[in-house]
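Following: one structure in structure tokens, then a few remarks.
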Amino acid sequence: MDCKEEIDLSAPGPSVIERYFTRWYKADVKGQACEDHCILQHSNRLCVLTLAETHPILQDGRTIKNINYKISNGCSRLNNKVAGKSKRGGQFLTEFAPVCRITCTDETEYTIYSCMRGRLLEVNEDILINTSLLLKKPSTDGYIAVILPKFEESKLVGENLLSREDFEAVVSKRAPPRVKS
Amino acid sequence: MLPLKEKDKPVVQKLLSSGCCARCVLRFCCVLVQSLYRQPGEDESEEGTRTATEQSDDPPKKRMKLDDGLKGSEASAGSGDAEAPPAPALSHCVVCLGVLQEYCSRDHARKVAEAVKTEDYHFETILLSVSLPAQLCVREHSCWLHVKKEMREKVMTRVKDDIVPLKEAFKWSVQGLIATELGGVYLGDEPCSLQLFDFVSILWHYVCSCSDVFLLVHNVEIVSYCPPHGFRHYPTPPGRPTSICTSQAIQCLHTSIYVAGRYNKYSRSLSQTPWIIDGRRMMESSVEELIAEPLASSFRSKGFNFSSSGREDVDVRTLGKGRPFAMEMLNPHRYRFTKMEMKKIQETINTSSDKIAVRDLQIVTRECMGHMKEGEEEKTKSYTALVWTQKPIEKDDIIFLDDIKELTLDQKTPLRVLHRRALAVRQRVIHSMNASFRDPHHFYLRLKTQAGTYIKEFVHGDFGRTKPNLCQLLKMDTDILELDVEVGNCGTSYFQKGNPGKSTGSMTRIVQLGLDFSGDFPRLDVENVIFFFSFQKTRLKQYT
């Protein structure tokens with residue numbers, strides 16, 4: 001390929017997430033210690049809900065027994081259907097709306113919350129089949145959901161969330177984890 | 001041959017006494033002989049009739065024709081006023097408010113011609129349009145009711161629709177004069193699409209500042225449906241106006257010219273259309289602006305519409321034969337260009353910027369713009385991607401990619417476009433691939449795919465929403481660093497004249513001369529023919 005501008009290939013460039021997304025964090029969601037969530041906001045305002053790398057599910061070699069998108073008798077996130085360009089029909093989420101419940105093989109249960117206001121576009125059904133995606137690639141293939149904030153609120157997504165630096169500061173202040181016996 | 005008949009006489013008398021001008025009388029009598037509306041010769045006395053104080057006559061020659069018809073009725077009329085209606089009524093016709101009087105003179109034709117000449121258009125044919133104040137149709141309706149009312153028993157075998165429309169009469173009166181002044185040919189009817197190529201349309205706007213008329217309606221149609229008793233708020237016949245119509249503006253508009261060609265994009269930071277967010281320009285220039293500038297200055301046109309057969313991302317180069325595009329140049333002052341001149345413009349575009357290049361630039365018909373979008377789904381695209389791998393690779397690790405044929409992908413709408421596209425799963429086929437090793441973390445991947453395939457998402461997986469993807473195939477993380485596209489072969493195509501969808505007599509077959517080059521394209525000077533695009537009957541939705 002004859003490029004007029006030669007690209008510098010000596011060092012790996014920014015990844016897809018680094019090129020297009022801003023990371024926002026919510027620590028200790030609902031007061032639960034270390035249940036940290038990460039929202040990846042694309043430059044086009046779409047958000048991807050993921051687990052932060054510090055989340056307990058991803059620690060201590062846990063394996064997942066079950067992921068349930070049915071959060072109540074009347075509501076299953078799997079029933080979410082959006083239509084058209086304006087994504088009509090998607091379930092509207094507020095910050096503390098539960099998105100799914102994850103049960104691990106050691107019987108610990110965790111609820112994943114939306115952490116932002118917006119319309120639910122899709123939930124990741126691949127992790128229902130292949131739970132290891134969530135454990136191995138929580139920030140990409142193992143994402144939880146895609147949420148579209150309202151146009152007017154798109155810049156406010158990060159207002160109540162922590163930037164990466166602030167989040168790392170919070171994490172570093174935490175007590176070191178108790179050593180498992 | 002006398003256009004006016006015996007039975008018209010009472011009508012004529014009625015109209016003249018109400019204050020109609022001669023031409024309006026002819027209109028109400030449904031006289032279709034165009035030459036009668038034109039002034040027979042230079043008539044300077046016409047100017048004199050404007051002042052109401054003078055004892056003035058209708059344009060004498062016109063009157064003579066009317067007089068012939070009225071001769072019989074003069075004697076029987078008794079009042080004897082048919083010869084010389086009261087002077088004030090002559091100067092302002094109550095129906096046309098002077099439009100068919102003063103404005104049908106040679107002087108005004110000259111004024112219009114001057115206005116066109118100052119704009120310096122090149123043209124061969126002219127279309128004259130007039131926009132008149134709405135109150136004229138109210139006045140006409142009122143006059144018609146007046147005549148109908150009085151003549152109920154005798155006459156009206158005619159309906160209102162038979163009355164010659166004011167605009168028609170005006171055009172008949174004036175078109176010849178304007179055409180002579182400008183030296184162009186007048187187009188009588190709405191021209192067919194073939195002739196739309198090269199005419200100037202002159203729009204003549206009139207306003208009226210009459211204060212004694214209030215507008216009942218805004219819409220001409222409502223007046224014609226209005227039953228007579230509903231018209232009671234307006235006098236019949238219409239009242240004498242205190243002022244006449246004035247000519248407000250004369251606007252000239254040339255039909256659009258269509259230019260087409262193929263473009264290559266060599267820059268990785270050039271958008272196809274101007275990229276403006278919140279009024280702020282995000283990127284200097286764009287493909288369409290770079291192509292349009294030299295065209296606009298040669299054609300002397302102020303606006304354009306750009307259309308291309310698909311588009312590419314800002315950071316993707318377009319190589320190979322180039323992407324077909326068509327440009328509509330709005331209101332050009334010049335439209336005739338020889339092949340040499342078009343080549344010169346093409347050279348200008350190519351030397352003006354190293355970011356794009358244009359070829360096969362030519363003038364085409366309007367149907368082109370529609371054809372641009374057709375057949376997009378049927379095309380094959382060739383891409384070259386520079387891929388980064390997370391783990392180090394060796395030459396043998398990527399050989400297997402060459403053997404993968406007709407790989408079907410399920411692509412969910414990529415996140416980067418999901419904000420403006422519907423959420424859906426699209427099946428797209430990668431016909432073949434070819435990998436060339438570069439270094440342990442990079443290789444080039446050439447792909448031939450179905451149109452509408454998202455290559456970037458195939459390479460990095462888009463959060464696993466494109467399946468299968470290159471990460472899964474190579475069993476490691478991959479990312480795309482660069483992408484180039486070559487718009488593929490599209491086969492011979494047919495240029496259809498006339499309406500697509502209708503069977504036409506003549507189809508011009510256009511064949512591309514020139515050779516098939518892969519790799520760097522040479523600047524071909526294709527003399528006879530032009531470009532390809534697939535001609536498909538169904539229009540399919542366009543995917544990026």
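Taking the residues in the range B:350-367 that are farther than 14 Å from B:Val287 by Cβ and of a type in the set (Asp, Glu) as candidates, determine which candidate is modelled with the highest pLDDT.
Checked the range B:350-367; the qualifying residue modelled with the highest pLDDT is B:Asp360.
If B:Ser173 passes every condition in (1) among the hydroxyl-bearing types (Ser, Thr, Tyr); (2) farther than 19 Å from B:Leu100 by Cα; (3) at pLDDT 80 or above but one, which one does it miss?
In the conditions (1) among the hydroxyl-bearing types (Ser, Thr, Tyr); (2) farther than 19 Å from B:Leu100 by Cα; (3) at pLDDT 80 or above, B:Ser173 misses (2) alone.
Could you tell me whether the range B:333-351 includes any residue that is surrounded by 14 or more Cβ atoms within 10 Å (Cβ to Cβ) and within 14 Å of another protein chain (Cβ to nearest Cβ)?
no
Checking the structure you have, find out if any residue of the range A:141-155 is polar (S, T, N, Q) and either buried (at least 19 other Cβ atoms within 10 Å of the Cβ) or at pLDDT 90 or above (or both).
Scanning the range A:141-155 turns up no residue that is polar (S, T, N, Q) and either buried (at least 19 other Cβ atoms within 10 Å of the Cβ) or at pLDDT 90 or above (or both).
Can you find even one residue in the range B:359-370 that is loosely packed, with under 14 Cβ neighbours inside 10 Å, within 14 Å of chain A (Cβ to nearest Cβ) and out of contact with any Asp or Glu (no Cβ under 6 Å at 6 or more places or on another chain)?
There is no residue in the range B:359-370 that is loosely packed, with under 14 Cβ neighbours inside 10 Å, within 14 Å of chain A (Cβ to nearest Cβ) and out of contact with any Asp or Glu (no Cβ under 6 Å at 6 or more places or on another chain).
Evaluate the following for B:Gly320: is it within 14 Å of chain A (Cβ to nearest Cβ) and at positive phi?
So B:Gly320 passes the test.
Could you give me the residue pairs with C-beta distances under 6 Å whose first residue belongs to the range A:141-169 and is without any contact (Cβ under 8 Å) to a residue 60 or more places away in the chain, whose second residue is in a helix (DSSP H, G or I) and aromatic (Phe, Trp, Tyr) wherever it lies, and which are 6+ apart or on separate chains?
Matching pairs, first to second residue: none at all.
Which one is modelled with the highest pLDDT, of the residues in the range A:1-20 that are facing another protein chain (nearest Cβ under 7 Å) and under 24 Å from A:Ser43 (Cα atoms)?
Ranking the candidates gives A:Tyr20 first.
Taking A:Thr50 and the conditions (1) touching a residue at least 60 places away in the same chain (Cβ under 8 Å); (2) closer than 14 Å to A:Leu148 by Cβ; (3) among the hydroxyl-bearing types (Ser, Thr, Tyr), which numbered condition does it fall short on, given that it satisfies the others?
The single condition A:Thr50 does not satisfy is (2).
Check off (1) touching a helix residue (DSSP H, G or I) at 6+ places or on another chain (Cβ under 8 Å); (2) in contact (Cβ under 8 Å) with a residue 24 or more places away in the chain; (3) within 13 Å of chain A (Cβ to nearest Cβ); (4) within 30 Å of A:Asn80 (Cβ to Cβ) for B:Gln411 and give me the number that stays unchecked.
(3)
Only one of these is modelled with pLDDT of 80 or more, touching a Leu at 6+ places or on another chain (Cβ under 6 Å) and within 24 Å of B:Val174 (Cβ to Cβ): B:Arg110, B:Arg106. Name it.
B:Arg106
Across the range A:160-176, which residue is modelled with the lowest pLDDT among those that are surrounded by 12 or more Cβ atoms within 10 Å (Cβ to Cβ) and not aliphatic (A, V, I, L, M)?
Residue satisfying both the conditions and the ranking: A:Arg174.
Let's see how each residue does on (1) of a type in the set (D, E, K, R); (2) closer than 21 Å to B:Arg317 by Cβ; (3) more than 13 Å from chain A (Cβ to nearest Cβ); (4) surrounded by fewer than 14 Cβ atoms within 10 Å (Cβ to Cβ):
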residue: B:Glu394; (1), (2), (3), (4): yes, no, yes, yes
residue: B:Phe400; (1), (2), (3), (4): no, no, yes, yes
residue: B:Leu407; (1), (2), (3), (4): no, no, yes, no
residue: B:Leu415; (1), (2), (3), (4): no, no, no, no
residue: B:Val425; (1), (2), (3), (4): no, no, no, yes
residue: B:Val429; (1), (2), (3), (4): no, no, yes, no
residue: B:His442; (1), (2), (3), (4): no, yes, no, no
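B:His419 versus (1) away from chain A (no Cβ under 13 Å); (2) surrounded by 14 or more Cβ atoms within 10 Å (Cβ to Cβ); (3) without any contact (Cβ under 8 Å) to a residue 60 or more places away in the chain: which is the lone unmet condition?
Against the list (1) away from chain A (no Cβ under 13 Å); (2) surrounded by 14 or more Cβ atoms within 10 Å (Cβ to Cβ); (3) without any contact (Cβ under 8 Å) to a residue 60 or more places away in the chain, B:His419 comes up short only on (1).
Answer yes or no: is there a residue in the range B:452-469 that is away from chain A (no Cβ under 14 Å), in contact (Cβ under 8 Å) with a residue 12 or more places away in the chain and crowded, with 17+ Cβ neighbours inside 10 Å.
yes
List, please: which pairs have Cβ atoms under 7 Å, are six or more places apart or on different chains, and start with a residue in the range A:61-83 that is more than 13 Å from A:Glu109 (Cα to Cα) and end with one that is among the small types (Gly, Ala, Ser) and exposed (fewer than 14 other Cβ atoms within 10 Å of the Cβ)?
Once the first residue is more than 13 Å from A:Glu109 (Cα to Cα) and sits in the range A:61-83, its partners that are among the small types (Gly, Ala, Ser) and exposed (fewer than 14 other Cβ atoms within 10 Å of the Cβ) give A:Lys81/A:Gly89; A:Val82/A:Gly89; A:Ala83/A:Gly89.
Can you tell which of A:Gln41, A:Gln59 is more than 14 Å from every other protein chain (Cβ to nearest Cβ) and either of a type outside the set (Lys, Arg) or surrounded by 20 or more Cβ atoms within 10 Å (Cβ to Cβ) (or both)?
A:Gln59
Could you go through the range A:115-131 and let me know if any residue there is in contact with a helix residue (DSSP H, G or I) (Cβ under 8 Å, 6 or more places away or on another chain), closer than 13 Å to A:Asn68 by Cα, outside any loop (DSSP other than H, G, I, E, B) and within 11 Å of another protein chain (Cβ to nearest Cβ).
yes
Anything in the range B:263-307 that is part of a helix (DSSP H, G or I), touching a residue at least 12 places away in the same chain (Cβ under 8 Å) and not aromatic (Phe, Trp, Tyr)? List them, or say none.
Correct list: B:Val287, B:Glu288, B:Glu289, B:Leu290, B:Ile291, B:Ala292, B:Glu293, B:Pro294, B:Leu295, B:Ala296, B:Ser298.
For B:Gln472, all conditions in the list (1) closer than 21 Å to B:Arg311 by Cα; (2) surrounded by fewer than 20 Cβ atoms within 10 Å (Cβ to Cβ); (3) within 12 Å of chain A (Cβ to nearest Cβ); (4) not hydrophobic (A, V, I, L, M, F, W, C) hold save one; what is the number of the exception?
(1)
Can you tell me which residue is farthest from the other protein chains (Cβ to nearest Cβ) among those in the range A:62-88 that are surrounded by 15 or more Cβ atoms within 10 Å (Cβ to Cβ) and of a type in the set (Lys, Arg)?
A:Arg62
The values are calculated or read from the model by the stated rules, or taken from the named source; none is laboratory data. These numbers come from a predicted model, not from an experiment. Here the Cβ is made from the backbone with ideal geometry for all residues, glycine too, and neighbour counts use every protein chain on show.
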